[in-house]
1. With all pairs of different alpha carbon atoms counted, what Kirkwood hydrodynamic radius in Å does the stretch A:140-194 show?
2. Ranked by Cβ crowding within 10 angstrom, fewest neighbours first, how are A:Met88, B:Met85 ordered?
3. Taking a threshold of 18 Å on the Cα-Cα distance, which of the pairs A:Lys126/A:Lys146; A:Lys77/A:Lys126; A:Lys64/A:Lys146; A:Lys64/B:Lys121; A:Lys64/A:Lys178 fall above it?
4. Using each residue's phi in the stretch A:100-112, evaluate 6.51 cos²θ - 1.76 cosθ + 1.60 at θ = phi - 60° and report the 3J(HN,Hα) Karplus result to the nearest Hz, with x for Gly and Pro.
5. Kindly provide log₁₀ I(q)/I(0) values, in the same order as q = 0.14, 0.22 Å⁻¹, from the Debye equation applied to equal alpha-carbon scatterers of chain B.
6. Taking the Cβ of A:Asp97 as the centre, find all other residues whose Cβ is under 12 Å away and add up their charges (Lys, Arg: +1; Asp, Glu: -1).
7. Which of the cysteines in the protein assembly as shown are isolated, no other cysteine C-beta under 4.7 Å?
8. Hydropathy at least 0.5 by Kyte-Doolittle, axial extent at least 30 angstrom from the Cα trace: which helices of chain B, defined as entire DSSP H runs, fit?
Amino acid sequence: MSKLNALRFATGTLLLGSALTLGIYGLSTLNNQSFADDDDDEQSEYRPRSEQPGTDTAAALQYKQECGSCHLPYPAKLLPARSWQTMMASLDNHFGDDASLSAATQAEILAYLSAHSASNHTRYLKGLAYNDTPQRITELPYFKRKHREVPERMVTGNPQVGSFSQCDSCHKDAAQGKFNEHTVVIPGFGRWDD
Amino acid sequence: MNNLTRRALSAALFTLSLLATSLSYAGASVQLQALQAGGAGPFSAAAGEALWLQDNNGRSCASCHGRDPAQPGKHQKTGKPIEPMTVHANPERFTDAAKTEKWFLRNCRWTLGRECSAQEKGDVITWLSQP
């Protein structure tokens, strides 16, 4: 009789264990699937990135210091090198502002931006002709696609944001180069969840 | 801690803060001397203030820095906060000559449509570095 009981116990444990394992496996797979359903690269963006190449070098710090004193130092990878070249050659009229730098600083920052430009991250250039030299990240087809579901009234019509170029108004980790949509909080509207 | 140590400590602290204050003003006076060596001067705080508030087709220093330079400002377009400009409110001001030159160049060209003269720079620094 006690042998039978032991057998019953073992079977029970085995069944319960496999049910739990299956359940947990199912949940984790479901999670992955929901990310995969999101448009293109959310999944990779959601992974914690241990390596942000070249973000702590002297050149990167100089870029952050010089350009970041007026605006968010936009990630170099969001524009092709040819765009950065045009931009750095016309700093005396930088979107209507004078952002002149000494020739040496200008050359160093251009070298940094070119080395980390979208030319090495071609997914940001999808939909762009090879000779297009966009100056505004907000005009990239990639950017527009990413923000097409965001109503104007939450950004341009929102006095607390004002423009799509104010990344860090909503992307709270923008300064660390993180833009995934799970950290988005739109001022006056709250978390963004689509 | 007895009374004597307490007094000695606070005296030391007071001296240190005086020293720090005079050091932060020293930056401005070094820059003023350099401008003077180039033939400008004497400088006038009142002229500096007038230039600060002067309207140039809707643009002025105050557009981004605010009318009161002891208060923080805000970049008109990007909204980025700007630390106060007076040495009294922000001891770091005018301690780096290259930084001062860079911003005078950019901001005079943006605001006035031309570079500022040594006289104008001296006037503004004099106004901003009043104790």
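The numbers here are math on the coordinates, done by the rules we state, and not lab data. Since the model is a prediction, treat every value here as computed from it, not as a measurement. Using ideal geometry, Cβ is built from the backbone for each residue, glycine included, and neighbour counts are taken over all protein chains shown.
1. 11.3 Å
2. A:Met88, B:Met85
3. Where the Cα-Cα span goes over 18 Å, the pairs concerned are A:Lys64/A:Lys146; A:Lys64/B:Lys121.
4. Running phi through 6.51 cos²θ - 1.76 cosθ + 1.60 with θ = phi - 60° gives 3, 10, 5, 4, 5, 4, 4, 5, 5, 5, 4, 4, 5 Hz.
5. Treating every Cα as an identical point scatterer, log10 I(q)/I(0) equals -0.65, -1.39.
6. With Lys, Arg at +1 and Asp, Glu at -1, the net is +3.
7. Flagged as lacking a Cys partner: A:Cys67, A:Cys70, A:Cys167, A:Cys170, B:Cys61, B:Cys64.
8. Helices meeting the criterion: B:3-37.
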